[in-house]
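For reference, the structure is listed below as structure tokens.
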Amino acid sequence: MTTIAGIDVGGTFTDLVLFDEASGEVRVAKVPTTVDNQAFGVLAALAESGVAPAALGAVVHGTTTTTNAMLERKVARVGLITTRGFRDVLELGRRTRPKPYGLTGTFRPLVDRELRLEVEERMDAEGNVVRPLDEAGVARAAKELLERGAEAVVIHFLHSYINPAHENRAAEIVRRVWPNPYVTVGHAIVSEYREYERGVTAAVNACIQPVLHRYVGRLAGELAARGFARELLVMQGNGGTVSASIVAEAAVNTVMSGPASGVIAAAYTASQSGFPNVITYDMGGTSSDVALIQNGLPQVSTELELEYAMPIHVPMVDVHTIGAGGGSIAFVDEAGMLQVGPESAGANPGPICYGRGGARPTITDANLVLGRLDPQKLLAVERAVPVGAIRARIDEAVGARLGLAPDAAAAAILRIANDRMAGAIRMVSLARGHDPRDFALFAFGGAGPLHACALARELAIPRVLIPARPGLTNALGCVVADVRHDFVRTVNRPLDAVADDLVANVVAEQIAEGEALVARERVEVERLETVHRVDMQFQGQSHILSVALPGRAATRAELHRLFEAAYWQRFRVELKEIRPVLVNVHTAVIGKRRPLPLALLAAGGLAGSLEDALVGRRRVWFESGWADTPVYRRDAIPPGARFAGPAIVEQLDATTVIEPGCEAEADRLGNLVVAVNG
């Protein structure tokens with residue numbers, strides 16, 4: 001038995017969920033995120049939990065350090081050593097523009113041109129040596145990059161995915177002169193064709209490697225100084241964890257770490273609650289993240305584009321993000337249109353109601369003015385701001401400019417925000433061939449339950465699932481996440497030219513590599529599982545389709561059948577006259593950790609009646625108008641209790657709005673299951 005702490009850093013709050021497996025005790029904490037150094041917020045959350053680091057058996061950390069570093073371009077100065085003639089691949093990219101209409105917009109590559117150096121070497125597309133590696137040229141290039149101030153270096157050769165010999169030899173030479181461990185070898189990060197995407201992914205890794213290494217090193221050092229004697233685990237974007245000692249080697253895998261942990265917790269919770277198919281909706285302080293879970297498994301993609309011309313081709317939980325969170329700012333633009341986000345008030349100064357100097361109205365302020373939030377129970381408030389003063393600011397910034405009364409202006413803010421969030425849900429469902437009516441909406445995050453019923457009604461989703469601790473779900477994801485490593489190998493051959501045992505041989509090599517990594521991490525796992533898929537396309541097409549494999553091997557005929565079925569599911573089209581191509585083979589090696597009992601999160605509510613949970617009534621605005629609405633205390637609602645909307649359910653980490661016409665029921669795990677009626 002051990003004590004496990006999951007800690008997730010968000011844009012506004014740092015959340016902690018702590019499980020003591022021996023006693024069954026659960027502790028939670030929610031503290032403001034320390035933007036300048038996230039480690040301070042992590043330590044503050046641990047301190048608030050009241051458990052000394054020395055007593056912890058495991059700490060699992062979800063971080064936005066690398067994501068924020070990329071988005072803000074607060075990254076290391078990076079140099080590139082590449083094949084002669086391919087210096088500008090990272091800048092030329094694809095035939096796209098920052099803005100689709102008009103010749104406007106700019107793009108700045110991750111590696112400045114004066115830091116992109118070429119050397120003589122060349123493999124052909126079959127992996128044969130066309131031009132030997134100029135080893136002396138590699139050494140000169142490394143020294144020149146150091147003289148020009150590069151802190152990290154990328155070695156990226158044209159066809160290294162098929163034969164990495166030149167990249168490996170160049171890495172040996174560079175490491176002899178490089179003063180730190182920040183040497184990224186392209187094929188070691190992602191071994192697939194398409195030199196642009198592979199090169200950008202490697203460049204992202206190099207840019208954030210020093211940032212992550214320093215951050216994790218500081219945090220691990222602070223924990224060790226306080227008596228923590230185990231290996232710190234860090235969440236990855238693929239929904240698994242990796243030990244802090246090796247996380248910086250593939251730092252790019254931690255991009256989107258925070259959103260991934262929420263999806264993992266949603267899959268874990270929804271499956272145990274009898275909802276294997278859900279759309280996850282995570283609304284925090286700065287953004288909303290949505291994802292799709294089928295048969296208890298989150299969708300995984302290698303096609304993430306963090307921003308324009310920044311494709312990151314490593315496996316990540318497929319999350320669609322929009323800038324609509326509780327702190328998103330509402331304003332009237334030059335055309336006289338009401339806009340909400342993507343600019344956010346963040347953790348500091350935050351919404352007006354936080355009393356930290358924020359002066360621009362946000363979604364949170366609109367919810368407060370409309371009675372959906374209790375001004376006396378807001379977290380992170382430094383100085384109470386009267387509701388009347390917030391209403392006046394909404395009137396000044398929005399209402400007066402649109403000719404709306406203050407309450408109508410606040411309602412308009414919510415409508416615009418809900419419309420944007422409904423659009424994001426359509427992107428992961430309808431746009432990919434899935435009917436939202438076949439799923440439940442799993443709503444979490446500090447603000448998600450405020451909007452979930454309205455979104456479900458808009459999209460005709462019949463059920464909403466609100467977990468026991470919605471505002472701490474991402475931290476729960478850190479606790480329940482397994483150890484995971486993903487591998488990819490490019491084949492890129494017509495299917496009829498592929499040997500029947502090729503997939504089995506590639507998968508066997510990938511499994512061996514994954515097992516070695518898990519053993520190197522020294523993390524306690526119950527068993528190892530593997531998941532396999534292939535990327536395929538029809539010959540002549542540029543886009544690929546991911547196809548799950550039922551086992552560790554598949555013959556040509558089986559691959560053909562699986563691809564045709566997946567293509568029909570996605571496009572409802574048969575193309576029997578075109579030959580399929582096997583592009584990539586993927587394997588995920590997963591170290592399964594001990595399952596944790598979710599019912600422990602629903603502390604309270606084990607006795608008594610629904611009337612005991614009623615704490616008062618207040619006027620709340622809904623689309624049908626203002627209504628006198630009962631307010632319930634979440635932890636006092638007993639299992640099996642049912643109540644109809646309108647209703648407000650309050651707890652430490654979130655407030656849930658049950659819309660009129662909806663009916664909620666508390667299940668055995670402490671979830672609220674809401675039936676949404678039209």
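For beta carbons closer than 8 Å, sequence separation of 6+ or different chains, a first residue in the range 229-247 that is closer than 22 Å to VAL531 by Cα and outside any loop (DSSP other than H, G, I, E, B) and a second that is basic (Lys, Arg) and open to solvent by 10 Å² or more (accessible area, probe 1.4 Å), the qualifying pairs are THR241/ARG484; VAL242/ARG484; SER243/ARG522.
In the range 518-555, of all residues being in a helix (DSSP H, G or I) and crowded, with 18+ Cβ neighbours inside 10 Å, the one that is modelled with the lowest pLDDT corresponds to GLU521.
Residues in the range 33-50 that are closer than 20 Å to VAL234 by Cα and either outside any helix (DSSP H, G or I) or open to solvent by 40 Å² or more (accessible area, probe 1.4 Å) (or both): 8 in all. Inside the range 556-574, residues that are polar (S, T, N, Q) and open to solvent by less than 30 Å² (accessible area, probe 1.4 Å) make up a count of 0. Restricting LEU600, LEU652, LEU669, LEU596 to residues that are closer than 30 Å to ALA519 by Cβ, in contact (Cβ under 8 Å) with a residue 60 or more places away in the chain and not in a strand (DSSP E or B) narrows the list to LEU596. Are any of the residues in the range 575-587 open to solvent by less than 20 Å² (accessible area, probe 1.4 Å), hydroxyl-bearing (Ser, Thr, Tyr) and at pLDDT 95 or above? No, there is no match, as no residue in the range 575-587 is open to solvent by less than 20 Å² (accessible area, probe 1.4 Å), hydroxyl-bearing (Ser, Thr, Tyr) and at pLDDT 95 or above. Of the strands (runs of 3 or more DSSP E) lying entirely inside the range 314-409, not one contains at least 2 residues that are touching a Cys at 6+ places or on another chain (Cβ under 6 Å) and open to solvent by less than 20 Å² (accessible area, probe 1.4 Å).
The set of residues in the range 628-649 being touching a strand residue (DSSP E or B) at 6+ places or on another chain (Cβ under 7 Å) and small (Gly, Ala, Ser) consists of GLY640, ALA641, ALA644, GLY645, ALA647. Select from the range 14-41 the residues that are within 19 Å of THR286 (Cα to Cα) and either touching a residue at least 60 places away in the same chain (Cβ under 8 Å) or of a type in the set (Ser, Thr, Tyr) (or both) and list them in ascending order. Those that are within 19 Å of THR286 (Cα to Cα) and either touching a residue at least 60 places away in the same chain (Cβ under 8 Å) or of a type in the set (Ser, Thr, Tyr) (or both): THR14, ASP15, LEU16, LYS30, PRO32, THR33, THR34, VAL35, ASN37, GLN38.
Taken over the range 178-208, the criterion of being open to solvent by 10 Å² or more (accessible area, probe 1.4 Å) and part of a helix (DSSP H, G or I) is satisfied by HIS187, ALA188, ILE189, GLU195, TYR196, GLU197. Any residue that is buried (at least 24 other Cβ atoms within 10 Å of the Cβ), closer than 25 Å to MET421 by Cβ and of a type in the set (Gly, Ala, Ser) - is there at least one of those in the range 244-255? No. The single residue among THR286, THR269, THR254 that is modelled with pLDDT of 90 or more and under 16 Å from the mean Cα position of the chain (by Cα) turns out to be THR254. Taken over the range 278-296, the criterion of being under 18 Å from LEU430 (Cα atoms), assigned to a strand (DSSP E or B) and open to solvent by 10 Å² or more (accessible area, probe 1.4 Å) is satisfied by ASP289, GLN294.
The values are calculated or read from the model by the stated rules, or taken from the named source; none is laboratory data. The shown structure was predicted, so the numbers you read here are calculated from the model rather than taken from an experiment. Cβ coordinates were reconstructed from backbone atoms using ideal geometry, including for glycine residues, and neighbour counts include every protein chain displayed. These area figures cover heavy atoms from the full protein model, side chains too; ligands, DNA and RNA do not enter into them. Shrake-Rupley method; radii C 1.70, N 1.55, O 1.52, S 1.80 Å.
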